[in-house]
Each structure stands twice: as structure tokens, then as C-alpha cells.
Amino acid sequence: MATQFRRSSFVAITVVVALLVIFVPLFVKDYRADPLQSFIMPNLPAQPSPELLPMSSSHHRMHGMHSMQSLLNFPLPPAKAWVIELPDFKNPADAKALVLSLQLKGFKAYSRQFNSLTQVLTRVFVGPEIKPEQMKLVAERLNTEMHLDTKIVPFDPLLIQ
């Protein structure tokens with residue numbers, strides 16, 4: 001009988017201690033939100049005007065076609081030089097063939113390999129050119145002559161070897 005009493009008192013003490021460990025900090029510390037550390041929702045950015053969007057007309061949106069005129073009017077931020085980024089290739093030989101084809105047509109083309117999440121890809125670039133207007137014309141020429149998807153990006157000289 002004495003062992004039962006000890007066992008039941010041990011369980012009661014353990015329960016009381018556990019409850020104290022859980023609830024005493026809630027009453028001791030002030031958990032109200034600090035106004036300096038509370039989350040403030042940032043303002044949403046302004047919507048761009050429809051003229052600046054690459055696919056401005058509803059006809060182009062429905063058919064999935066890009067308007068080159070609207071792409072050429074898209075403003076570019078200031079940079080020292082620009083290149084045209086072409087689609088990535090899984091096979092480096094395909095990228096090399098495209099580079100040679102572009103060079104035969106008079107474009108300054110090169111390729112660089114990079115690691116994606118799952119594999120090594122080869123990206124083809126055309127350029128660099130200092131004037132963004134010139135890059136826009138080259139992008140239009142690549143789109144019309146070779147039917148390539150183009151993207152004008154700032155030139156990174158560290159990628160040139």
C-alpha cells in the first residue's frame with residue numbers, strides 16, 4: 001500500500017511540474033506584439049502600362065504571338081553593354097552548330113555552359129553591343145530570319161573566357 005501511495009504521489013507531482021513548466025512562462029513573459037517588430041504589408045507595385053507589356057494586343061494574347069514592335073518599345077534599364085540570350089540547349093553540339101550558323105550570318109555569337117538544377121545546359125548569346133537600340137534591331141532580325149526566341153539581357157564580361 002505504501003508503494004501505491006508513492007507511485008500515485010509521484011505521478012501527481014510529475015503532472016503538476018509539467019503543468020508549471022508549460023503555463024508559468026505564459027504568465028511571466030509579455031507576449032504582446034512589439035510594434036517595431038510586427039509585420040507590415042508592403043504596398044503593391046503599380047501595374048505597368050499596357051504599351052510596355054510584350055504582348056499588348058488581345059489578338060496576340062489569344063494566339064500566343066509576340067509583337068516585335070511592342071518588344072522593341074520595352075524600356076531597358078541602363079547598363080554598360082547588352083547581349084541577346086537565346087534558348088538553352090541540352091546537347092552542346094546543337095549549341096555549337098547554332099553559334100557557327102550565327103557567325104556565318106555575321107552575328108557575334110558565343111556560348112557558355114551552366115549548371116541547372118538537374119543537368120548541364122549550354123546557353124547561346126549574341127553580342128555584346130553598347131547601344132540597346134542596336135540590340136533590339138538584332139533581336140528583331142534573329143526573330144524574323146531564324147525564328148529564334150530572344151531576350152535582351154545585360155552583358156556580364158565574366159562569362160567571356
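The values are calculated or read from the model by the stated rules, or taken from the named source; none is laboratory data. What you see is a predicted model; the values in this text were computed from it and never measured. Cβ coordinates were reconstructed from backbone atoms using ideal geometry, including for glycine residues, and neighbour counts include every protein chain displayed.
Quick look at the numbers
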read-out	value
Single match in Thr122, Thr150 (criterion: farther than 17 Å from Lys80 by Cα and in contact with a Pro (Cβ under 7 Å, 6 or more places away or on another chain))	Thr122
Residue list for segment 87-96, filter: assigned to a helix (DSSP H, G or I), surrounded by 13 or more Cβ atoms within 10 Å (Cβ to Cβ) and among the hydrophobic types (A, V, I, L, M, F, W, C)	Ala95
Any pair with Cβ under 6 angstrom, 6 or more apart, that starts in segment 69-91 at a residue that is under 11 Å from Ala139 (Cα atoms) and at pLDDT below 60 and ends at one that is charged (D, E, K, R) and buried (at least 17 other Cβ atoms within 10 Å of the Cβ)	Leu72/Lys136
So Gln113, is it over 15 Å from Val153 (Cβ atoms), touching a strand residue (DSSP E or B) at 6+ places or on another chain (Cβ under 8 Å) and modelled with pLDDT under 90	yes
